[in-house]
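The next block holds one structure in the form of structure tokens; read it before the comments.
Every number here is computed from the coordinates shown, using simple stated rules; none is lab data. Since we're looking at a predicted model, the values are computed, not measured. Please note: Cβ atoms are built from the backbone with ideal geometry, for glycine as well, and neighbour counts cover all protein chains shown.
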Amino acid sequence: MPKMNIIQAVNDALMLAMRADPRVVVLGEDVGKFGGVFRATLGLQEAFGADRVIDTPLAESGIIGTAIGMAIYGTRPVAEIQFSDFIYPAFDQIVNELAKYRYRSGGEYPCPMVIRTPVGGGIRGGHYHSQSPEALFCHQAGLIVVQPSNPYDAKGLLLSAIASEDPVLVLEPKRIYRGPDHGTNWSAHPKGEVPAGEYRVPFGKAAIARELSGQGTPVTLITYGAMVHTCGKAAGLASAQGIDTELIDLRSLLPYDLEAICESAKKTGRVVVAHEAPRTCGYGAEIVAAVTEACFDWLEAPVLRVTGWDTPFPYALESAYLPDPARVFQALDRVARYK
Amino acid sequence: MTFPTLIADASASAPFPRFTADDTAAMLGTFRVLAPDGAPIAPDATLENGTGVADEDALSMLRSMIRQRAIDERMLGLQRQGRIGFYGAATGQEAATIAPAQALELRDWIHPALREGGMALHRGYPLWTYLSQCLGNKDDTSTKGRQMPCHYGSRQHNFVTLSSVMATQMPQAVGTAYAMALAHDAPDRPLCFGAIGDGATSEGDFHVAMTSAGVMRPKGLGLPLILYCQNNQWAISTPVEKQTAAPTLAVKALGYGLVGVRVDGNDALAVLRVVRAAAASVRAGGVPVFIEAVTYRVGAHSTSDDPSRYRDEAVTLQWQQRDPIVRLSTYLQQRGVLEDGEAQRMAVQYDEEVRGVLAQVEGLPPPPLASLFEDVYAELPPHLARQLAEVRALQP
């Protein structure tokens with residue numbers, strides 16, 4: 001099976017989709033000749049021409065607005081927003097237009113399209129190249145929001161997104177584009193093995209990134225994106241301290257897999273939710289509330305969050321801002337010891 | 001302050017536009033066919049009827065314009081009685097609304113703004129649906145009762161469902177035109193018509209759309225795109241002079257490499273001819289056209305507005321003297337194709353039609369409860385299924 005990193009997996013999905021369906025077009029800033037600042041669209045313009053792989057003017061609301069107008073006519077656009085930190089000029093088009101088109105038109109104008117955008121910190125990008133805006137978009141009825149944590153899911157989720165009848169926002173954790181951790185690449189990781197042809201990862205289905213071993217106090221750790229790998233390390237640290245972690249990789253943030261979450265929470269009674277984004281009104285608040293509503297009788301400890309701080313994303317002190325394995329471990333330890 | 005040239009030179013016309021991106025005369029002047037008294041300004045013997053418009057086209061527009069006014073008057077009355085929550089009338093703007101619909105083909109897509117509902121009606125969008133939309137009842141197929149009045153839409157009529165947000169439809173119109181250009185070849189291709197008001201030309205999305213409209217050239221041709229601004233000179237209480245310091249709105253096209261044309265929006269024949277020529281040009285692959293149709297909002301912005309608080313109604317009176325329906329019907333009477341009193345009889349007949357349909361749709365129930373959760377997604381996801389069960393359990 002081919003080995004791919006996330007960029008290659010995204011590129012492979014786009015190549016396959018454009019070859020299979022002439023309605024698929026790609027548009028965004030620098031996506032054509034240059035192949036995108038992260039090279040996700042490399043070679044597409046060469047293969048499919050400048051009319052289908054479109055270098056747009058530098059205007060995010062124009063990229064999304066144009067894509068919406070294409071989608072309602074029957075084209076299948078895949079728009080790239082270069083960094084999610086720059087998505088806000090298009091927020092109106094996404095929230096008020098894209099998300100509501102099917103509903104406001106009584107089902108007459110569905111708007112199936114994809115927005116891909118890199119998210120998250122860990123690349124020394126300061127607060128305009130590092131933010132995690134998922135909560136803002138998960139609050140919008142009508143959108144599907146996904147975030148892969150590995151090359152296999154990146155390709156499978158993107159192919160599902162392009163085939164979807166609904167608008168899908170694909171948040172790509174840029175820190176792990178080329179490897180699950182600094183200094184390592186995907187070739188040594190099982191999820192770096194990516195099937196060559198078309199396959200789909202379904203929406204609304206979480207993955208178990210680490211199963212319970214049956215040794216020690218069981219704890220459920222719920223996360224997504226690059227934090228899956230941070231949390232995996234934390235689970236390793238915890239294992240040495242007698243804590244047995246089931247690690248859930250949500251993959252889909254809207255809709256999310258409540259069933260998988262509850263199944264695990266009822267099994268362990270101890271739950272930690274982790275993400276890079278700020279804590280207050282962050283995505284984790286939804287998961288904590290859902291666990292509390294659905295699994296209260298099974299809980300043995302308060303449900304804890306490990307998150308970025310409620311500050312703008314910093315530059316020099318990035319490592320103090322981002323949750324690291326030690327911080328996640330502390331939370332696992334606290335819920336495991338809670339009596 | 002108003003646009004003084006329109007008052008002073010109402011019987012003069014700029015030359016017919018050339019539809020080239022350097023035709024500044026077409027951007028700064030105003031093209032007219034009829035003077036406010038209905039007389040052709042400069043009859044041209046080489047054109048049909050001297051005006052370039054067949055009588056049947058003029059009559060077709062007149063009927064829809066009179067019908068639009070009858071609907072608007074009835075709906076304003078309904079709002080004042082509290083029977084609908086909101087209404088945005090096109091009173092005084094009927095020519096600017098109906099003439100483009102006459103000029104376009106049904107395969108052309110319309111991305112409307114607030115006052116283009118008459119374009120849908122002219123295309124055959126049923127009055128039953130139009131009134132049901134305003135009432136939010138079960139027969140509102142435009143929005144299934146999900147939007148406030150005047151948010152019409154119909155896939156059958158290629159009339160994209162309006163949102164209340166300003167100018168967002170402009171980049172979308174660019175995208176629809178792009179999709180059309182990919183799917184069809186010039187010169188026989190459908191076009192996209194994006195409508196906007198003068199106030200929304202201050203929005204970022206207007207600028208973004210004008211930029212993209214000029215730059216995007218699939219298959220090496222201009223987009224099949226007309227961007228159309230009804231300049232009714234008022235955005236609620238804010239006059240157009242506070243939206244722009246440019247001498248006209250049409251001249252903005254120059255800065256984006258588009259064709260700009262300014263036309264008297266109260267002259268149905270002039271609007272028809274300009275939109276027709278623009279359509280032929282962009283279908284063939286010419287540069288996209290931005291049209292400013294100068295008109296005047298003789299009524300309030302909406303039923304929640306009182307213009308006497310912020311503007312000189314003496315000016316409004318002047319504009320009422322330039323009524324587009326009077327202008328067109330006088331012209332047709334002078335041509336001998338409209339009898340004396342016929343326009344008045346039409347108005348009565350259309351009012352009866354509106355009242356008749358209204359009597360039938362006003363008692364219709366609201367959409368079913370389950371429709372609250374339909375169309376959020378193509379299929380009902382688990383969390384919405386749970387919420388639907390919750391709201392059902394709350395019903396008596």
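Karplus-based coupling profile of region A:115-131, in residue order and whole Hz: 10, 9, 7, x, 10, x, x, x, 10, 6, x, x, 7, 9, 9, 9, 6, with θ = phi - 60° in 6.51 cos²θ - 1.76 cosθ + 1.60 and x standing for Gly or Pro. How many angstrom lie between the C-alpha centres of region A:259-325 and region B:142-212? Cα centroid to Cα centroid, the span is 42 Å.
Projecting the Cα atoms of A:Leu299, A:Leu253, A:Gln131 onto the dipole axis of chain A, where Lys and Arg carry +1 and Asp and Glu carry -1 at the beta carbon, places A:Leu299 farthest toward the positive end. Rounded to the nearest 20, the Cβ-based charge dipole of chain B about its Cα centre (Lys and Arg +1, Asp and Glu -1) stands at 700 debye.
Remark: region B:222-234, residue by residue, has Karplus-estimated 3J(HN,Hα) of x, 5, x, 9, 10, 9, 10, 10, 7, 8, 8, 6, 9 Hz, where x stands for each Gly or Pro and the curve is 6.51 cos²θ - 1.76 cosθ + 1.60 at θ = phi - 60°.
Given a Förster distance of 25 Å, report the FRET efficiency between B:Val315 and B:Ala347 from their Cβ-Cβ distance, rounded to the nearest 0.05.
Values: r = 25 Å, r/R0 = 1.02.
Here the calculated transfer efficiency is 0.45.
Once you have the Kirkwood Rh of region B:242-361 from its Cα pairs, apply Stokes-Einstein at 37 °C and 0.692 mPa s and quote D in µm²/s. The partial results should precede the final answer.
Details: Rh = 17.8 Å.
The estimated diffusion coefficient comes to 184 µm²/s.
Between A:Ala50 and B:Ala25, the simple label model (points 7 Å from Cα in the Cβ direction) yields a spacing of 3.4 nm.
Summarising the amide proton neighbourhood of A:Val273: residues at separation of 5 or more, or on other chains, whose placed amide H is nearer than 5 Å comprise A:Ile222, A:Leu304, A:Arg305, A:Val306. Straight-line cross-link partners of A:Lys174 among the lysines, defined as a Cα under 28 Å from its Cα and at least 8 positions apart when in the same chain: A:Lys3, A:Lys33, A:Lys155, A:Lys191, A:Lys205, A:Lys233. In this Cβ point-charge picture (+1 for Lys and Arg, -1 for Asp and Glu), chain A has a dipole of about 500 debye about its Cα centre. Ranking B:Thr46, A:Tyr199, B:Gly341 by Cα position along the charge dipole of the protein assembly as shown, where only Lys, Arg, Asp and Glu carry charges on their C-beta atoms, puts A:Tyr199 farthest toward the positive end.
Loop exposure criterion: GluC sites (Glu not before Pro), DSSP state outside H, G, I, E and B, at most 11 other Cβ atoms within 10 Å. Applied to chain B, the longest stretch between such sites is B:106-338. Rounded to the nearest whole Hz, the Karplus-based 3J(HN,Hα) values (6.51 cos²θ - 1.76 cosθ + 1.60, θ = phi - 60°) of region A:279-290 follow the sequence 7, 5, 6, x, 4, x, 4, 5, 5, 4, 5, 5, with x at glycine and proline.
Using the Cα centre as the reference, give the magnitude of the dipole from point charges on the C-beta atoms of the protein assembly as shown (Lys, Arg: +1; Asp, Glu: -1; all else neutral), rounded to the nearest 20 debye.
Details: 65 positive and 79 negative charges, 267 e Å.
The dipole of the protein assembly as shown has a size of about 1280 debye.
Here region A:207-337 was treated as a single set of alpha-carbon atoms; its pair distances binned every 10 Å from 0 give 14, 48, 32, 6, 0 percent. Using every pair of separate Cα atoms, the Kirkwood estimate puts the hydrodynamic radius of region A:1-117 at 14.4 angstrom.
Report the local net charge at B:Pro224: Lys and Arg +1, Asp and Glu -1, summed over other residues whose C-beta lies under 10 Å from its C-beta. Counting the neighbours of B:Pro224, the net charge comes to +1.
Please sort by residue number the chymotrypsin sites (Phe, Trp or Tyr not before Pro) in region A:196-229 whose DSSP state is loop and whose Cβ has at most 16 other Cβ atoms within 10 Å. Intermediate results must be reported in sequence, preceding the final value.
Details: sites: A:Tyr199, A:Phe203, A:Tyr224; in loops: A:Tyr199, A:Phe203, A:Tyr224.
Here the sparse-neighbourhood loop sites are A:Tyr199.
Below 8 Å, C-alpha to C-alpha, sequence gap of six or more: please give me the relative contact order for chain A in percent.
Dividing the mean separation by the residue count of chain A yields 16 percent.
Axis of helix B:268-283 versus longest Cα principal axis of chain B: the two differ by about 80°, to the nearest ten degrees.
Taking other residues whose beta carbon is less than 10 angstrom from the beta carbon of B:Thr97, and scoring Lys, Arg as +1 and Asp, Glu as -1, yields -1. Each label point was placed 7 Å from the Cα along the Cα-to-Cβ direction; for B:Asp188 and A:Leu317 their separation is 6.9 nm.
So what is the relative contact order of region B:246-396, in percent, for Cα pairs below 8 Å that sit 6 or more residues apart? About 16 percent, as a whole number. For the pair B:Ala42 and A:Lys205, a Förster radius of 60 Å applied to the C-beta separation gives a FRET efficiency near 0.30, rounded to the nearest 0.05. Here is how the number arises for chain B: DSSP H runs of 4 or more residues each give -39500 (n - 2.57), the sum is divided by the residue count, and the result at 222 nm is -12500 deg cm²/dmol.
Net charge around A:Ala301, counting only other residues with Cβ within less than 12 Å of its Cβ (Lys, Arg = +1; Asp, Glu = -1)? Provide the component values of the computation, followed by the final result.
Values: positive: A:Arg270, A:Arg334, A:Arg337, A:Lys339; negative: A:Glu300, A:Asp333.
Here the count lands on +2.
Residue separation of B:Arg392 and B:Ile236 scaled by 0.36 nm, minus their Cα-Cα distance, works out to 52.1 nm of gained length.
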